[in-house]
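Report on the structure given below.
The values are calculated or read from the model by the stated rules, or taken from the named source; none is laboratory data. Since we're looking at a predicted model, the values are computed, not measured. Cβ sites come from the backbone with ideal geometry, for glycine too, and all protein chains shown count toward neighbours. All accessible areas refer to the heavy atoms of the entire protein, side chains included, with ligands and DNA or RNA removed. Shrake-Rupley method; radii C 1.70, N 1.55, O 1.52, S 1.80 Å.
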Protein chains: 2
Amino acid sequence: MRPILLRLTNLTSFLLLTFLTPTVLAQNVILIIGDGMDDHQITMARNYVHGAKGQLALDTLPIRGAVQVVTLDHEDPTKVIYVADSANSATAIATGQVTSRGRISTSADTDRDFQPVTVDLKRAGYAVGIVTTASVTDATPAVFMANVAQRFCENPDMMVQAKIGGNWYADCEQDLIANGGKGSISEQIANSSIDLVLGGGSKHFLPNAEGSDITVLQKAQASGYLFVDSLSALEQAIENSENRLLGLFSPSTMPVRWQATGGVAADEPEPSLLNHVHEYLGDVTLPAPVQCEANPSYGNTPPLAAMTESAIRQLQKRSGKGFFLMIESASIDKQSHARRPCGQIGELQQLDETLKVALDFAAAQPDTLILVTADHGQAAQIIPNNSLFNGYGIPVYTPGRLQRLITPEGAIMAMNYATNDFQAEEHTGVNIPIFANDQGRDLVPAFMMQSDIYGLIKRYLLPESQ
Amino acid sequence: MRPILLRLTNLTSFLLLTFLTPTVLAQNVILIIGDGMDDHQITMARNYVHGAKGQLALDTLPIRGAVQVVTLDHEDPTKVIYVADSANSATAIATGQVTSRGRISTSADTDRDFQPVTVDLKRAGYAVGIVTTASVTDATPAVFMANVAQRFCENPDMMVQAKIGGNWYADCEQDLIANGGKGSISEQIANSSIDLVLGGGSKHFLPNAEGSDITVLQKAQASGYLFVDSLSALEQAIENSENRLLGLFSPSTMPVRWQATGGVAADEPEPSLLNHVHEYLGDVTLPAPVQCEANPSYGNTPPLAAMTESAIRQLQKRSGKGFFLMIESASIDKQSHARRPCGQIGELQQLDETLKVALDFAAAQPDTLILVTADHGQAAQIIPNNSLFNGYGIPVYTPGRLQRLITPEGAIMAMNYATNDFQAEEHTGVNIPIFANDQGRDLVPAFMMQSDIYGLIKRYLLPESQ
């Protein structure tokens, strides 16, 4: 649409535009969430994809601020803890309320439901879409569509004493429909009025709906969702239908675009025998440098940018008033948990391509606020490939896990993962970035609490409610 | 001066002010550098000093952006590396040029001198001051006053094969005055036209100047510097003199304000014997939680904010045109190297208090641009006190060093240091924040290269040169 816009440079064109468009211009918010996308993860992607002197599309956005993440202690919700998970941090964005880890738009104290912004927006006539590379039932998308005590209650089979790992159980008995609740996350999506839901997680729609002999997917279809399971089917549906759409493109999290050579993760440096005797002696063998390559499992996975293009087209058809679209690049986080920098970088690149789609749309539809943010910090750090202290002539190496990437500009970027000794890294408590296009100029402050993002969305789309 | 300003609310007052002030209003730049102050270190300080829902003075600044740090490889300066030190990163700020680690305003390839912004500013009639909590000869202050091949060439005794540690030697033979160079950093300061230099590092002024029988300090005094070594002497000098000032308040780095209970640093978790047998077995003893307390070595050390107040008063006397003042809170970095979060937090608090002094001054002198930034990232990360994975019922703990702080709001903030196994942590390669007051509104972009900061200072104070 850009060429048309560029020709509208004189008054005649302006008047023509005024008469051709409806009297109330559509207003849109595109909220892009990079899960775990703190400044370290962004710098890794910038360095690898564009070089140390390059810039991401993110870096071209004119507004940048910092967001403080607040998490309540589930043992004592009058107190805070300093590291969030995606459930409580995305709840802050979607509902404007702080809560404890694991909660899906419910309160830390008495399990009250918090109303996500999507409810008010639907009521006001906006179309609402949710797009993610995770399961659509995963924490970040879920908080915009459901209220449940615990993030792992993703389908009807996971509501009561569902074992997650070790001694850990998901338990949302009070949320069973039989107990007066709203049911599992997938059922709440099936019952929702959300206009478009795209992502992974088809396995959560295969169990029978609670107390029913039809599956959650069949329930969603019965309630009016057109179901698609491939990008071509999605594109066809968007050509031919104005229906609500449910697109599920993988059983759980969608495969990521990139992996390191041969699929290796970050690994522990191997000190020599002598170095085990004394830390100043011997030497150390670091994991060999690798490059990023295509992930063979990626196959025909729809790119996030392609899902976004489709989503925007369909949401425009669903309401003349405008839309709210939340898009999550989920596996920046999941690949950092798994100590896989190429996975992280590829998924941040996906987010950046998606941002370009959003920017192109906003160029043609100027009343579009684009917000990009993260939910919480992640583990990966860029550390020196040659230690600051290698002049001492002794082996200096990380106690954690290391991956060294040969970047396209021919240098070695060393990434450290060292928040724990477990099979998955921890999140971190760093404040996270927020970015906006020019529509955010007098709206997005340089520093805010994460729960204030909810208010930004409402102030832009529902100014009368403020 | 605020009360006076507040009374000037009507036209009469405005005209009065106009006639009482010189026709050319003074313009000032106050550049505050938090060494190693990335978003993690900022969040640690915010959480501890003001609580998770609180905010620093930093957070009240209306402009916030990100700065990409670029470092050249000293082995092959056509290539980059991804983690800086303070020498090359501060050189980028002071001279607008990228270089390799360890260099003080000299080039990575042929050791050419880069001219710091202070030279042009002095030539144009501005007063220039440098204030730091490090030695005034340390990398960050040095790049604004000197050109030398290697940061450790801080005094005449450290110019040729000066052992720093292990197999590591400082060597700046080509910079000897006898070889046509400018001499060591302290000598270059003694010979400089900088109006005011305050900080630590008196030991670097005690050796005899190169080829001379007087000390570097005596040389500085002979060249017109009034020397002071206490806050009271500084304040008295500022009452009574318009001289250039050299204030050295400690032999090397100035003591920091805070330490953890009993002075302990972060320490390794201690796994039980069974956990050594298998990572899923046994348990782990974490270092006990501590609080921050006054550092008994701090004594009568001048606070950074007090040095800043004095500096501003003296610089105003030194030029009616205005001033450039660089202020560094150096030990955010040094205490992170040493795995001492309380030290870091106290020094970030010092920076924040200094910012308040700058903001008060700018309220009375509106043509004052305040910039706050860092030079590079640092090691400390906030990780969960209770692991995201503690539901698995196995010991999950950092492979690095941990300190857990009981914060004034009664929660536990866990800080992880795990970039290496050496006695000092590494820097990290994360992009760093930049903040500005309202004078930076159309000047400071949301994203920039670190070397662009040089251009911002020149654009504000020397617009005709741009």
Of all DSSP beta bridges located in the stretch B:73-217, what percent are antiparallel, nearest 5?
60 percent
List the aspartates and glutamates whose alpha-carbon lies under 20 Å from that of residue A:321, not counting same-chain residues fewer than 8 positions away?
A:120, A:195, A:242, A:309, A:360, A:367, A:464
Can you tell me, using C-alpha contacts under 8 Å and at least 6 residues apart, the relative contact order of the stretch A:21-133 as a whole percent?
14 percent
If the reach is capped at under 14 angstrom between alpha carbons, list the aspartates and glutamates near residue A:219, excluding any in the same chain fewer than eight residues apart.
A:187, A:210
Let's see if you can work this out: charge +1 on each Lys and Arg Cβ, -1 on each Asp and Glu Cβ, no other charges. What is the dipole magnitude of the stretch B:231-317 about its Cα centre, in debye to the nearest 20?
600 debye
Which one of A:144, A:63, A:366 is farthest out on the positive end of the charge dipole of chain A, using unit charges on Cβ (Lys, Arg +1; Asp, Glu -1) and the Cα centre as origin?
A:366
Reciprocal of mean inverse Cα separation for the stretch B:158-286 (Kirkwood radius, Å)
18.5 Å
With no solvent term and unit scatterers on the alpha-carbon positions of the stretch B:150-192, Debye gives log₁₀ I(q)/I(0) at q = 0.16, 0.19, 0.22, 0.29 Å⁻¹ of -0.35, -0.48, -0.63, -0.96
With the 8 Å Cα cutoff and a minimum separation of six or more residues, chain B has a relative contact order in percent of 26 percent
Tell me, what is the percent relative contact order of the stretch A:311-466, built from C-alpha pairs under 8 Å that lie six or more residues apart?
22 percent
Taking θ as phi - 60°, what are the ³J(HN,Hα) couplings along the stretch A:353-363 by the Karplus curve (6.51, -1.76, 1.60), each to the nearest whole Hz, with x for Gly and Pro?
5, 5, 4, 4, 4, 5, 5, 4, 5, 5, 5
Nearest 5 percent is fine: what portion of the DSSP beta bridges confined to chain A is antiparallel?
45 percent
For the protein assembly as shown, state what percent of all Cα-Cα pairs lands in each successive 10 Å bin, counting from 0 Å until the bin that includes the largest distance.
2, 12, 21, 23, 19, 13, 7, 3, 0, 0
Of all C-alpha pairs within the stretch A:74-172, those more than 17 angstrom apart amount in percent to 52 percent
Note every residue of the stretch A:369-395 with a reduction of at least 30 square angstrom in accessible area, all protein chains present versus the isolated chain, computed with a 1.4 Å probe, or write none.
A:381, A:382, A:383, A:384, A:388, A:389, A:391, A:392
In sequence order, what are the phi-derived ³J(HN,Hα) couplings for the stretch A:265-277 according to the Karplus relation 6.51 cos²θ - 1.76 cosθ + 1.60 with θ = phi - 60°, rounded to whole Hz, with x for glycine and proline?
9, 4, 9, 6, x, 10, x, 6, 4, 4, 5, 5, 5
If every Lys and Arg gets +1 and every Asp and Glu gets -1 at its Cβ, then about the Cα centre chain B yields a dipole, in debye to the nearest 20, of 1260 debye
Calculate one ³J(HN,Hα) per residue across the stretch B:455-466 by plugging θ = phi - 60° into the Karplus curve 6.51 cos²θ - 1.76 cosθ + 1.60, and present them in order as whole Hz with x for glycine and proline.
x, 4, 5, 5, 4, 7, 9, 10, x, 5, 7, 8
Taking the radius of gyration and the Kirkwood hydrodynamic radius from Cα positions alone, what is the Rg/Rh ratio for chain A, to two decimal places?
0.99
Considering only protein heavy atoms and a probe of 1.4 Å, how much of the accessible area of the protein assembly as shown is carbon and sulfur, as a whole percent?
51 percent
Would you mind finding the longest exposed-site-free stretch of chain B, with exposed trypsin sites (Lys or Arg not before Pro) meaning DSSP loop and at most 12 other Cβ atoms within 10 Å?
B:113-440
Under 19 Å Cα-Cα from residue B:79, which aspartates and glutamates qualify once same-chain neighbours fewer than 8 residues away are excluded?
A:409, B:109, B:111
Looking at the stretch B:155-187, residues buried by 50 Å² or more relative to their chain on its own, accessible surface at probe 1.4 Å, turn out to be B:168
Express as a percent, rounded to the nearest 5, the fraction of DSSP beta bridges in the protein assembly as shown (both residues included) that run antiparallel.
45 percent
Using only C-alpha atoms and all pairs of different ones, pull out the Kirkwood radius for the stretch B:17-108 in Å with one decimal.
16.3 Å
Over the stretch A:344-466, what number does the Rg to Rh ratio reach, with both radii from the alpha-carbon atoms and Rh per Kirkwood?
1.10
Given +1 on the Cβ of Lys and Arg, -1 on the Cβ of Asp and Glu, and no further charges, what dipole in debye does the stretch B:363-466 carry about its Cα centre, rounded to the nearest 20?
220 debye
At 1.4 Å probe radius, can you tell me the per residue accessible area of chain B in Å²?
36 Å²
What is the interface area between chains A and B, defined as buried accessible area summed over both chains with a 1.4 Å probe, reported in Å² to the nearest 100?
6500 Å²
Calculated from DSSP helices alone, with each H run of at least 4 adding -39500 (n - 2.57) and the total divided by the residues of chain B, [θ]222 nm to the nearest 500 comes to -8000 deg cm²/dmol
For residue B:227, list long-range residues whose amide hydrogen, built 1.01 Å from N in the peptide plane, is under 5 Å from its own amide hydrogen.
B:246
What are the semi-axes of the equivalent ellipsoid for the stretch A:281-392, taken as the square roots of 5 times the Cα gyration tensor eigenvalues, largest first, in whole Å?
39, 16, 11
